[in-house]
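Working notes, structure below.
All of the numbers you see were taken from the coordinates with simple rules; none came from a lab. As the structure is a computational prediction, the values presented were derived from the model and not from experiment. Positions of Cβ are generated from backbone atoms using ideal geometry, with glycine treated the same way; all protein chains shown enter the neighbour counts.
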There are 2 protein chains.
Amino acid sequence: MSDVTVNRQWVLARRPVGAVSVDDFRYQEGEVPEPGEGEVLVRTLYFGYDASQRIWLTDDGGYMRPVGIGEPMRTMGIGQVVASSDPGYRPGDLVEGFMSWQDYVVARSDGPMPLRVLPPADFPLSWNLGVFGVGGLTAYFGVTDGLKVGPGDTVVVSAATGATGSVAGAVARAMGAKTVIGIAGGPEKCRWVVEEAGYDAAIDYRDDDFAERLRELCPDGVDAYFDNVGGDMLDTLLLHMAPHGRVLICGAMSSGYTDVQLQGPTNYMKICTQQLTVRGILLFHYRDRLAEGARELGQWVREGRLHVAENIVEGFEHAPGLLPTLFTGKQPGKLLLKVADPA
Amino acid sequence: MSDVTVNRQWVLARRPVGAVSVDDFRYQEGEVPEPGEGEVLVRTLYFGYDASQRIWLTDDGGYMRPVGIGEPMRTMGIGQVVASSDPGYRPGDLVEGFMSWQDYVVARSDGPMPLRVLPPADFPLSWNLGVFGVGGLTAYFGVTDGLKVGPGDTVVVSAATGATGSVAGAVARAMGAKTVIGIAGGPEKCRWVVEEAGYDAAIDYRDDDFAERLRELCPDGVDAYFDNVGGDMLDTLLLHMAPHGRVLICGAMSSGYTDVQLQGPTNYMKICTQQLTVRGILLFHYRDRLAEGARELGQWVREGRLHVAENIVEGFEHAPGLLPTLFTGKQPGKLLLKVADPA
């Protein structure tokens, strides 16, 4: 167990305008909290970075209550139980779920999204936030249920080096897709998409001939597009969808998730003329099937069909500074902060 | 049969820029054509007006070959067979399908969308272009299959006085919808939507409190939105969809179907956060089920559950002048031109 006896916190100082910045957060220290009846005290070990965190900072919070000014920033995290008066959690248990940027969090097992006790496993703890966390599971349910990828499909994934995109290609292949194409920025990331993440081909969205490459690689159109990006790329893809194609709206990385008005897809009437289905999913919806998803993903990892990519930074002090790099970062894979080792 | 011995034509003179205008067409006269082997000569009786005609005038034509400069303008129409060397058509047969703005058209039965012989019926001939034509059948398949409206749904239909919208409400009710709300422009049209078309309530999109009225009438959100309009209205509706709601992208009347860039829905990330399904359908896709649709619609008409609304203008000379009024017109129901009576 760590020797931290104060509870370090990064709280929201002000609601960000435009891109989120380190200055939107304030450092403070408090007492290590005492868990009440039915509560559990958890020492945080890892924080995961997700684009949805930027949404939680907006006024309406998107699909969750927004993080309040003065509150520790919400995050998905991994921690270890220190004390518990809930029979479902024992000291030493490793847990995963909604936490916040502080050394210690207090949680209740009877909330709507209780912390999940992690079973003993033969893989790194951090994978629970990446390939077996929001990113990997969103890729799994997005490709299998949202896009219903099947044999023969031509599949395109944007932000293919991201926590979700780096997994989505492998899931599409496992579902029998004919061609799996990743979109990324720059030759280095494109190389990674093919050589490490196992895509058939990559397209550099910064290249002038982006649309032409897309047409070349998908001569019969795109059957399924996993959109993590929005903006111009979504518009371009709408022009290249095959009849009855499917689009999953999963993210809008191109916007940096700022508060400024998003750019809507001007080519959206292709939904009508190409008879497309455009869907959104939230992982909440699959809460009873998360174990199934993790089991399948784990199997593909063991078989070498799914490459696990992580970008782990160490040190609580970096918590707010890492968030903006989620939208500008150069490293492939899941972005994580390691706060402490388990006891 | 008409005494017309020349073949009057309205041909496309130039590709419209912005709103379509009567000046985009040119009048000319030709000989009555001679049908060749396997062809059928048809005297035109009715032309139907559809927003898709504006799309056929764009450079790429949308989902069909664009109408060429110098070609008679394409239209859905009703006609009567004058001469035929095809055993499937006999002189005197009434037929429906793709025609063009001229007194006589020559068609082939072995094309991709052959003219359909209309069986004897106890309803007005023109209904084959309206409630039993593109508008009514799009409403039928859009509501039943595109939106999958079912018992308990709160359904909203925009352009509720249009050829499609005036039918969609009745179809939604027949599917067991709990509340069916129509959107129209101005108090007169809104009155018509409730009193004639049988909607539960109407909202005037010109009113400042449009969004507030929507919230009042749909306190639990909108389960199914039949979008004939696009633009700001689609954006507003996206903010009021219930979780797992469905949106059918059926038209973009707000754009006037001009060549200028459409306004994409800036709130499209609600597709993700509300887990929506946004779809498009084309009637082509249901070509084997059109009789089923017409049978169901006919049953509802006979039972008084579906009000048939038409706006019929007479005289070939009005063919091009009517097209712009489709986007600006004040009359509810299907817009039609009557060219001639059957023989």
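Worth a mention:
- Between the residues A:Gly230, A:Tyr140, A:Val194, the greatest Cα displacement towards the positive end of the dipole of segment A:134-284, with unit charges on the Cβ of Lys, Arg, Asp and Glu, is found for A:Tyr140.
- Starting from the label point of B:Gln331 at 7 Å along Cα→Cβ, the same points in the other copies fall at 6.9 nm, in ascending order.
- Summed residue charge, Cβ within 15 Å of A:Leu147's Cβ, Lys/Arg positive, Asp/Glu negative: +2
- Residue-wise HN-Hα coupling along segment B:178-186, computed from phi with Karplus coefficients 6.51, -1.76, 1.60 (Hz; x: Gly, Pro): 6, 9, 10, 10, x, 10, 8, x, x
- Between B:Arg305 and A:Asp122, the FRET efficiency from the beta-carbon distance, with R0 = 60 Å, is close to 0.40.
- Added length on full extension, which subtracts the Cα-Cα distance from 0.36 nm per residue, B:Glu196 to B:Val6: 64.3 nm
- Stokes-Einstein translational diffusion, segment B:134-284 - Kirkwood Rh over all Cα pairs, 1.002 mPa s, 20 °C, in µm²/s: 144
- Net charge over other residues, Cβ less than 11 angstrom from the Cβ of B:Arg74 (K, R count +1; D, E count -1): -1
- Here A:Lys148 is the anchor, and the lysines within straight C-alpha reach of less than 30 Å, apart from those fewer than 8 places off in the same chain, are A:Lys178, A:Lys189, A:Lys270, A:Lys334, B:Lys148, B:Lys270.
- For the rotational copy relationship between A and B, the axis lies nearest to a chain A beta carbon, identified with its distance in whole angstrom as A:Gly264, 1.
- Position A:Asp60, label points 7 Å along Cα→Cβ, spacing to each other copy in nm (shortest first, one decimal): 3.0
- Take B:Arg14, push a point 7 Å out from Cα through the beta-carbon direction, and compare it with the same point in every other copy: 5.5 nm, smallest first.
- Within the protein assembly as shown, helix-based [θ] at 222 nm, where runs of 4 or more DSSP H residues each add -39,500 (n - 2.57), nearest 500: -6000 deg cm²/dmol
- Cα coordinate range in the protein assembly as shown, projected on the principal axes (Å, largest first): 102, 52, 38
- Annotation for segment B:238-343: GluC sites (Glu not before Pro) lying in DSSP loop with at most 14 further Cβ atoms inside 10 Å of their Cβ are B:Glu303.
- log10 of Debye I(q)/I(0), alpha-carbon scatterers only, for chain B at 0.09 Å⁻¹: -0.48
- Site pair B:Phe98 and B:Lys330 shows an inter-label distance of 3.6 nm when each label is modelled 7 Å from Cα along Cα→Cβ.
- Taking 7 Å steps out from each Cα toward its Cβ at B:Arg206 and B:Arg108 produces label points 4.9 nm apart.
- Taking Cβ atoms as reference points and 10 Å as the exclusive limit, the residues near B:Ile312 contribute a net charge of 0, counting Lys and Arg as +1 and Asp and Glu as -1.
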